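The values are calculated or read from the model by the stated rules, or taken from the named source; none is laboratory data. Predicted, not measured: the structure shown is a model, and the values here were computed from it. Neighbour counts are summed over all protein chains in view; Cβ atoms, including those assigned to glycine, are modelled from backbone coordinates with ideal geometry. What goes into the accessible areas is simple: the full protein's heavy atoms, side chains included, and nothing from ligands, DNA or RNA. Shrake-Rupley method; radii C 1.70, N 1.55, O 1.52, S 1.80 Å.
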Amino acid sequence: MKIKQIEMFLTKMELLQPFRTHSGTVSDRESILLKMTDTDGVSGWGEVVAFSSPWYTEETIQTSWHMLKDFFIPSLLQEEWEHPSEIHDALLVWKGNPMARAGVEMAAWDLFAKKAGKSLADFIGGTRKKVEAGVVVSVDSPSSMIETIALRVKEGYRRVKVKVDPGYDYELLHAIRSEFPKLALMADANSAYTLDDSERLRNLDEFQLMMIEQPLASDDIVEHAELQQQLTTPICLDESIVSYKDAVNAIKLGSCQVINIKIGRVGGLTNAIRIHDLSKRNGLPVWCGGMLETGISRLFNIALASLPNFTIPGDISASSRYWKKDVIEPEVVVTEGKITVPTSPGIGYRVNERYIRDISETTKSFKKEDI
């Protein structure tokens, strides 16, 4: 396959409700959407899910734009490609920047699936026709969060995740568990704790959480292994897993009992599939995390979650949970706690390019003859 053109769109969309964590609040979501077109005129779409500031990882929208513009995209236009995984491997010549790499590699996966006449789920070996949907409830007062959780449960979501930190954990979880004794509940710490908080974290065992996600430092797997030995609650690693090698080492050390796979965080769909397969071989369940994405990434998450070892409901909510209007048509909907896996070629939905251009703050197009 020869790439004829790659277009970048720097978009900005207002969230229906601000998303709060202990690290800050996100109200407006910047994204980089990419359109890759081959010499036959077939196009695939991808998305860079870095945030505007480096609160989640060191990558930002601006650093991703730079890497794509000056390094990744020019190199891709010079070669022919037989499979999307080749693009993933070729971009490893540059260090880091997994979300920028993921965005352009995703576009290739969508394009190749369309060329093969297969849905993305079929193209990667998915086995499910529907995937279970979980939801994240933003930080607020316990009463407000309980009210929101009740609404999400009524909407059919199968699992709820809440954000915690050392100043807002036991009391919050006690209030939620008292109200919802059988709810599939997990807590996400976003690296807010240290080993000095071990006793505090052990106290959370009483709430029978599905898992506590990323309690310690984002670059750590050694201390997580020590902490996991002290807890009955499974530890799930998120930010610590940014490569296949990280997953290998975490499993080897016993740093976690669950892995959260985010396509952007691990550098693309190729790595996401490889980590899924590794975890399956080692008996660790995985689930698909969310990044406040547009519908393009949401459709990739649905396809990924159709793989057999995704046994925990992912952060794959309906489009209407986040956006007044999404960039895909129709929008993703949740019915009785599940999302139907698309069966049309590629990501399976139409991308509203006119709307994307309307909400774009900056655009840039690359053609081989211009490089």
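How do the pairs read when you match residues in the range 340-353 that are in contact (Cβ under 8 Å) with a residue 24 or more places away in the chain with residues anywhere that are among the charged types (D, E, K, R) and open to solvent by less than 20 Å² (accessible area, probe 1.4 Å), using Cβ under 7 Å and keeping only pairs 6 or more apart or on different chains? Note: pairs meeting the criteria are 346/110; 347/110. Of the residues making up the range 304-314, those that are over 18 Å from residue 346 (Cα atoms) and either open to solvent by 10 Å² or more (accessible area, probe 1.4 Å) or modelled with pLDDT of 95 or more (or both) number 6.
Among the candidates 333, 341, 351, which residue alone is among the aliphatic types (A, V, I, L, M) and more than 20 Å from residue 128 (Cβ to Cβ)? Write out each step before concluding.
Values: 333 fails: more than 20 Å from residue 128 (Cβ to Cβ); 341 fails: more than 20 Å from residue 128 (Cβ to Cβ).
One residue alone meets the criteria, 351.
Residue count for the range 1-44, restricted to those that are open to solvent by 60 Å² or more (accessible area, probe 1.4 Å) and touching a Pro at 6+ places or on another chain (Cβ under 7 Å): 1.
Selection of first residues in the range 129-150 that are under 21 Å from residue 290 (Cβ atoms) and at pLDDT below 95 and of second residues that are of a type in the set (S, T, N, Q) and open to solvent by less than 10 Å² (accessible area, probe 1.4 Å), restricted to Cβ pairs under 7 Å at least 6 apart or on distinct chains, gives the following pairs, ordered by first then second residue: 133/317; 135/317. Residues that are in contact (Cβ under 8 Å) with a residue 40 or more places away in the chain, of a type in the set (Phe, Trp, Tyr), within 17 Å of residue 363 (Cα to Cα) and open to solvent by less than 50 Å² (accessible area, probe 1.4 Å) do not occur anywhere in the range 81-103. Among the residues making up the range 321-363, those that are part of a strand (DSSP E or B), loosely packed, with under 15 Cβ neighbours inside 10 Å and charged (D, E, K, R) are 329, 350, 361.
On inspection, residue 126 qualifies as under 20 Å from the mean Cα position of the chain (by Cα) and in contact (Cβ under 8 Å) with a residue 40 or more places away in the chain.
Every residue in the range 244-292 that is surrounded by fewer than 23 Cβ atoms within 10 Å (Cβ to Cβ), modelled with pLDDT of 95 or more and in a loop (DSSP other than H, G, I, E, B), please. If the condition is that a residue be surrounded by fewer than 23 Cβ atoms within 10 Å (Cβ to Cβ), modelled with pLDDT of 95 or more and in a loop (DSSP other than H, G, I, E, B), then 254, 257, 282, 283, 284, 285 are the ones that fit.
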